[in-house]
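Just so it is clear, none of the values below were taken in a lab; they were calculated from the coordinates. Quick caveat, the model's predicted, so the values are computed rather than measured. Glycine also receives a Cβ, built like all others from the backbone with ideal geometry; neighbour counts cover every protein chain displayed.
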Amino acid sequence: MSRPFRQVDVFTTTAYDGNPVAVVLDGLGLDDETLQRFARWTNLSETTFVLPPSDVAADYGVRIFTPTHELPFAAHPTLGTCHAWLETGGVPRTGGVIVQECAAGLIRI
């Protein structure tokens, strides 16, 4: 799998001092087995996969995996994914708020 990804250090401005999350910036077309295998490979508490949203109110979609299973929502992966999305050119539909779609619903950031 050759996909762009970032490892984001959440809750800090100091490298290697926060809570890391791997963010795959293009998860489109990957099956569940591949998502889970990649999450095991990163060996981080969570790995996220950015996808196009299915809800028009969302800026992007995300799936969140631990090394063993998928989560409907988690705080630090949500923040880390948003950071990586913005850093790589993501632009929110509405100024001042980013809307992430995940299994738990629409999350306003």
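Here is how the numbers come out for the structure above:
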| item | result |
| --- | --- |
| Sorted peptide list for 15-25, 92-102, criterion being average Cβ within 10 angstrom, highest first | 15-25, 92-102 |
| Quarter of Cα convex hull surface for segment 35-100, i.e. mean projection, nm² | 4.5 |
| Residue-wise HN-Hα coupling along segment 14-30, computed from phi with Karplus coefficients 6.51, -1.76, 1.60 (Hz; x: Gly, Pro) | 9, 4, 6, 10, x, 9, x, 9, 8, 10, 8, 7, 9, x, 4, x, 8 |
| Phi to ³J(HN,Hα) by Karplus 6.51 cos²θ - 1.76 cosθ + 1.60 over segment 47-55, Hz, x for Gly, Pro | 10, 10, 10, 7, 9, x, x, 9, 9 |
| Antiparallel content of DSSP bridges confined to the chain, in %, to 5 | 80 |
| Residue-by-residue Karplus 3J(HN,Hα) for segment 80-96, coefficients 6.51, -1.76, 1.60, Hz, glycine and proline x | x, 5, 4, 4, 5, 4, 5, 4, 9, x, x, 10, x, 5, 10, x, x |
